[in-house]
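Here the structure comes first, spelled out in structure tokens, and everything after it is commentary.
We did not get these values from a lab; they are worked out from the coordinates using the rules stated. Keep in mind that what you see is a predicted model, and the values were worked out from it rather than measured. Glycine gets a Cβ as well: all are built from the backbone with ideal geometry, and neighbour counts include every protein chain shown.
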Amino acid sequence: MTPMKTPIRIILLGCALLSSLSLRAETFAEASQRAAADYGGRLAKAADELTRARTRIADEKAPLLKEMRAAEDRIVAAQSQIERLETGQEEFSEQRRKLLMDLDAVRKNTSYVGTLAHDGLAAFSDAMAPGESQTLADRVQALGQKLDDTASGPNGQASADIAEFLLERTRRELGGYSAKGSSLVAGGNQVQKGTFAFVGPETYFAPDSGGGAGTVRPRAGSAYPVAYELPGWRPEDAAAFFSGKAGVAPADASGGKALRLRETQGTVLEHIQKGGVVAYAIIGVGLLSLIMILQKVADLRQLAVDPPAGVRVFLETVSGGSRDAADKAVKALKAPVRELFEAGLKHSGRPAEILEEHLQAVLLRQRLHFERRLPLLAVIATAAPLMGLLGTVVGMVKTFALITVFGTGNAGKLASGISEVLVATELGLVVAIPTLIAHGFLSQRIQKNLSLLERYALEFVTAVQTAKSEGKPVVP
């Protein structure tokens with residue numbers, strides 16, 4: 001329902017009421033005419049008001065429509081701007097993601113380059129020629145400290161500096177170079193100043209005080225390398241070489257291993273000293289074993305026994321009952337057999353049991369004499385390896401104690417220390433093996449000769465009993 005229809009209905013309703021009231025006084029026709037006239041006037045008036053209202057509404061609506069269109073235009077522009085901003089934000093996010101990925105890749109590459117630089121610098125430090133550290137140690141240390149300074153992130157500049165340094169050193173080493181420094185000279189502990197010449201894998205040293213030039217090798221536990229004079233290097237060739245002119249220089253094909261091997265060998269006394277106190281005890285036991293072996297060899301020569309053929313002639317004489325012939329025949333026998341048969345002839349007139357006891361007494365005396373010190377040789381053969389093991393264990397305990405304090409360090413040095421503690425075991429086996437062989441040989445020979453003497457004793461008793469049974473007793 002519009003606002004214009006409401007007043008019209010009110011007017012019509014009022015007219016109807018007035019008409020109903022005036023019907024009593026007026027006729028219906030008059031009332032209808034008057035009402036129609038009144039309604040027409042009012043309707044015209046209402047129409048005029050409606051027209052004016054519409055005009056006013058149209059006048060007021062025009063700026064609103066204009067503003068609405070302007071607002072719609074602004075909304076469209078804003079939506080376009082929002083779409084552009086959203087598109088820009090997506091592009092910015094994608095660009096930011098790419099930049100973060102690039103940054104992460106750069107960080108990884110920088111970290112990788114830093115690792116390579118650290119490894120390269122460490123490898124260079126380990127591979128420095130003897131004496132080269134005297135001129136490069138400070139530079140290498142400064143580069144290492146600069147690379148380790150990561151307070152501001154990965155240090156790409158330090159990696160670049162290390163790369164330039166290594167490239168520079170490589171270029172110099174390709175052509176060789178010389179530098180001043182100090183070195184020990186083999187055969188003495190005096191440090192001499194001179195000139196180092198670095199040529200490829202070899203390093204040479206010429207002392208300023210004169211003397212022959214030589215090759216240089218590092219020395220464990222010393223800040224200075226050791227120079228070994230090369231007698232075959234002529235002085236004029238060495239002088240030309242160190243002055244940068246064309247010259248002849250000897251080279252070690254083994255890369256210094258021959259010199260290190262010669263140093264590790266040393267003398268016998270130095271080798272024994274590596275075993276410590278236990279090594280000296282083993283050497284003492286070995287000397288005691290050697291003395292006893294020599295004594296037993298001399299005893300074995302004294303225990304020489306006649307062969308059965310020679311003894312059989314004597315026994316046949318005893319069986320014949322001739323005492324004079326038996327006394328003469330017994331003198332031709334060797335000392336152990338002669339002693340046995342002389343005791344038998346002395347007691348041949350007694351009963352067989354008594355005779356056997358006397359012969360057994362002689363055999364026991366000889367056994368005690370010739371078997372003396374053999375058990376001690378067996379003890380030495382058994383104890384010497386155990387003493388060597390004791391020396392090795394003591395040395396290993398010391399070695400691992402040093403490892404606990406100083407770490408493993410160089411594997412070559414660790415292997416060298418372990419080889420030194422094994423010297424005691426080596427010496428123990430050197431003493432034990434010959435002692436064991438000598439003990440076995442001497443025991444077998446002594447037992448063989450003593451067994452022959454026991455056999456001869458039984459045969460002598462048999463010969464005496466045979467003579468007695470035939471009525472030809474051999475009596476003193």
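Miscellaneous remarks
- Peptides 161-172, 49-60 ordered by average Cβ neighbours within 10 Å, highest first: 161-172, 49-60
- Residue ranges 435-444, 286-295 sort as 435-444, 286-295 when ordered by packing (mean number of other C-beta atoms within 10 Å per residue, highest first).
- Mean separation of Cα contacts under 8 Å, 6 or more apart, over the residue count of region 90-163: relative contact order %: 41
- Summed residue charge, Cβ within 14 Å of Leu376's Cβ, Lys/Arg positive, Asp/Glu negative: +1
- Reported to the nearest whole Å, the Cα centre-to-centre distance from region 95-118 to region 271-340 is 90.
- Where trypsin sites (Lys or Arg not before Pro) fall in DSSP loop in region 334-386, at most 11 other Cβ within 10 Å: none
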